[in-house]
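Before any comments, here is the structure.
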Amino acid sequence: MSDTKWDPIQYNKVADFVAKLGEPLIDLLEPKLSDVILDLGCGDGSLTQKIKPLCANVIGVDASAEMISAANQKGITAYVKDAQCLDFTETFDCVLSNAALHWMKAPEKVIKGVHEALKPNGRFVAEFGGYGNAGKVIDTLTHRLNQDGLEFENPWYFPTAEDYSTLLLQQGFELEYIQLFDRFTPLPEHLSDWLEAFGQAFFKNASEAQKRDIVEDVVTALKSELFVNNQWHVDYVRLRVKALKH
Ligand code: BEZ
């Protein structure tokens, strides 16, 4: 996991759309009232809360203690746990994950842990950033960081459908559905807020003044493409997947 610091109040301001856009995942999951579900990377529990009335039990895990505290305050049973180190054995009928797996750079460990956590016939349904996600933002930002000779870390894993399918099949999953699709996504706030909240790893060697200049330049460079109808957007690409354990 990256060292990104999560502030649930700030997150809610800049990313309240994330749980809303995750709702189609619930349709793909087709939860049953008898299901016990794990929400992997549950964040502040906004989507978990929507699943709760649709199943027997749902628990959330997330690597951020701040996010788990926000989920607990919503009445969600949730624990601090890195999804790359899961230790459940045949506990869940379904594992669901929305907008979280791209923060985990060891996907084979995540998939192994999910496979072990599922009961036989269990379902794994996930959506996260896929190949090319936020490509315009990342290209512009990394180009600008390079101009200043600043070393940075890219904290994200955005696989192709082919690469992720291979990992799932290697682990013994049957693939029911996988799709990579563009979703040009409006932001509730300014692009600079998005960069501030999610791009922390890119700025780890920049001073506050350098960061301010770089963000300003990136925003200026992207305005003609990403400021549309008076609103900032990010060129998201999603990978949506459903896999079955036998
Ligand atoms: C995403 O949901 O694709 C995403 C969000 C924040 C940073 C990077 C990707």
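Okay, here's what the table says:
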{"quantity": "Pairs of alpha carbons in region 1-154 whose separation is greater than 21 Å (percent)", "calculated": "46"}
{"quantity": "Inter-probe distance in nm under a simple model that places probes 7 Å from Cα toward Cβ, at ASP213 and GLU189", "calculated": "2.5"}
{"quantity": "Amide H partners (placed H, <5 Å) of ALA134, local residues excluded", "calculated": "ASP235, TYR236, VAL237"}
{"quantity": "Dipole moment magnitude, nearest 20 debye, the chain about Cα centre, only Lys, Arg, Asp, Glu C-beta charged", "calculated": "480"}
{"quantity": "Whole-Å distance, taken between Cα centres, linking region 10-70 and region 171-246", "calculated": "20"}
{"quantity": "Residues with amide H under 5 Å from that of SER97, placed H, sequence gap 5 or more", "calculated": "LEU40, VAL125, ALA126, GLU127"}
{"quantity": "Signed unit charges on C-beta, dipole axis of the chain, positive-most listed residue THR160, VAL241, LEU222", "calculated": "VAL241"}
{"quantity": "Calculated from backbone phi, Karplus (6.51, -1.76, 1.60) coupling profile of region 127-142 in Hz, x at Gly/Pro", "calculated": "9, 7, x, x, 3, x, 4, 6, x, 5, 5, 5, 4, 5, 5, 5"}
{"quantity": "Out-of-range pairs (alpha-carbon distance over 24 Å; input LYS50/LYS105; LYS81/LYS136; LYS5/LYS74; LYS20/LYS119)", "calculated": "LYS50/LYS105; LYS81/LYS136; LYS20/LYS119"}
{"quantity": "Potential extension, GLU108-ASP163 segment - 0.36 nm per residue separation minus Cα distance", "calculated": "18.7 nm"}
{"quantity": "Folded to 0 to 90 degrees: helix 107-117 orientation relative to the chain principal axis, Cα", "calculated": "20"}
{"quantity": "Cβ-defined net charge surrounding TRP6, 11 Å radius [Lys, Arg +1; Asp, Glu -1]", "calculated": "-4"}
{"quantity": "Potential extension, ASP16-HIS143 segment - 0.36 nm per residue separation minus Cα distance", "calculated": "42.8 nm"}
{"quantity": "Cβ charges +1 (Lys, Arg) and -1 (Asp, Glu), total dipole of region 130-226, debye", "calculated": "140"}
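The numbers here are math on the coordinates, done by the rules we state, and not lab data. Since the model is a prediction, treat every value here as computed from it, not as a measurement. Positions of Cβ are backbone-derived with ideal geometry, glycine not excepted, and every protein chain shown enters the neighbour counts.
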